[in-house]
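Enquirer: Please read through the structure below; I'll follow up with questions.
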């Protein structure tokens with residue numbers, strides 16, 4: 001569990017799914033391949049949760065201090081991706097409150113501990129809100145994603161000093 005001034009980042013629980021499912025099954029997922037069928041959404045959610053068992057990292061549920069679920073933040077390594085990814089998914093009501101920025105910033109130290117400089121955010125170029133978050137966190141635009149559509153760009157989190165070498 002990770003605490004910030006306004007948020008608690010905790011392991012996902014089965015009860016979170018009812019609140020999180022619309023992230024995948026609605027137009028909110030258009031920037032990462034959706035909308036998904038309920039079955040495909042469930043499988044993707046399970047993949048993010050299973051990362052903790054299989055790889056030692058995965059998704060955390062973003063909750064406000066009153067326990068209300070706002071979304072997820074993750075350090076994940078999806079099948080076929082060349083790099084581990086720092087990502088975030090928010091419910092519609094959570095957008096615009098700074099929760100994604102706060103949660104991702106809180107997860108950065110764990111990302112560095114696990115992967116050093118070898119992690120990225122894959123972001124659709126049309127997702128300007130997520131691009132702003134990644135840039136605010138110090139990521140720099142790198143190259144198109146090697147296996148996704150041309151509109152998905154890699155944002156690289158360099159070590160302090162600006163080098164990943």
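Enquirer: With the condition kept exactly as written, say whether any residue in the stretch 78-93 is surrounded by fewer than 19 Cβ atoms within 10 Å (Cβ to Cβ) and under 18 Å from residue 22 (Cβ atoms).
Expert: yes
Listed here are the residues, each with its yes/no results for (1) within 18 Å of residue 145 (Cβ to Cβ); (2) touching a strand residue (DSSP E or B) at 6+ places or on another chain (Cβ under 9 Å); (3) buried (at least 18 other Cβ atoms within 10 Å of the Cβ).
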site: 97; (1), (2), (3): no, yes, no
site: 104; (1), (2), (3): no, yes, yes
site: 113; (1), (2), (3): no, no, no
site: 123; (1), (2), (3): yes, yes, yes
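Enquirer: I've got another one for you. What do you reckon, is residue 39 free of Cβ contacts under 8 Å to residues at least 12 places away in the same chain and surrounded by fewer than 20 Cβ atoms within 10 Å (Cβ to Cβ)?
Expert: yes
Enquirer: Further question: Out of everything in the stretch 2-20 that is part of a helix (DSSP H, G or I) and either in contact with a strand residue (DSSP E or B) (Cβ under 8 Å, 6 or more places away or on another chain) or more than 20 Å from residue 52 (Cβ to Cβ) (or both), what residue ends up being modelled with the lowest pLDDT?
Expert: The qualifying residue modelled with the lowest pLDDT is 20.
Enquirer: Which residues, counting only those in the stretch 46-63, are in contact (Cβ under 8 Å) with a residue 24 or more places away in the chain and farther than 21 Å from residue 101 by Cβ?
Expert: 47, 49, 51, 52, 56
Enquirer: Right, something else. Of the residues in the stretch 104-157, how many are part of a strand (DSSP E or B), in contact (Cβ under 8 Å) with a residue 60 or more places away in the chain and farther than 16 Å from residue 82 by Cα?
Expert: 1
Enquirer: Anything in the stretch 64-96 that is out of contact with any helix residue (DSSP H, G or I) (no Cβ under 7 Å at 6 or more places or on another chain), outside any helix (DSSP H, G or I), under 20 Å from residue 129 (Cα atoms) and in contact (Cβ under 8 Å) with a residue 12 or more places away in the chain? List them, or say none.
Expert: Within the stretch 64-96, 85, 87, 95 qualify.
Enquirer: Return only the number of the condition from (1) modelled with pLDDT of 90 or more; (2) in a helix (DSSP H, G or I); (3) out of contact with any helix residue (DSSP H, G or I) (no Cβ under 7 Å at 6 or more places or on another chain) that residue 51 does not satisfy.
Expert: Evaluating residue 51 over (1) modelled with pLDDT of 90 or more; (2) in a helix (DSSP H, G or I); (3) out of contact with any helix residue (DSSP H, G or I) (no Cβ under 7 Å at 6 or more places or on another chain) leaves (1) as the failure.
Enquirer: Further question on the same structure: Tell me which of these residue 12 doesn't satisfy, since it passes every other one: (1) surrounded by 12 or more Cβ atoms within 10 Å (Cβ to Cβ); (2) in contact (Cβ under 8 Å) with a residue 40 or more places away in the chain; (3) over 16 Å from the mean Cα position of the chain (by Cα).
Expert: (3)
The values are calculated or read from the model by the stated rules, or taken from the named source; none is laboratory data. Just so it is clear, the structure is predicted and the values come from calculations on it, not from any experiment. As a convention, Cβ positions derive from the backbone with ideal geometry for all residues, glycine included, and neighbour counts pool all protein chains shown.
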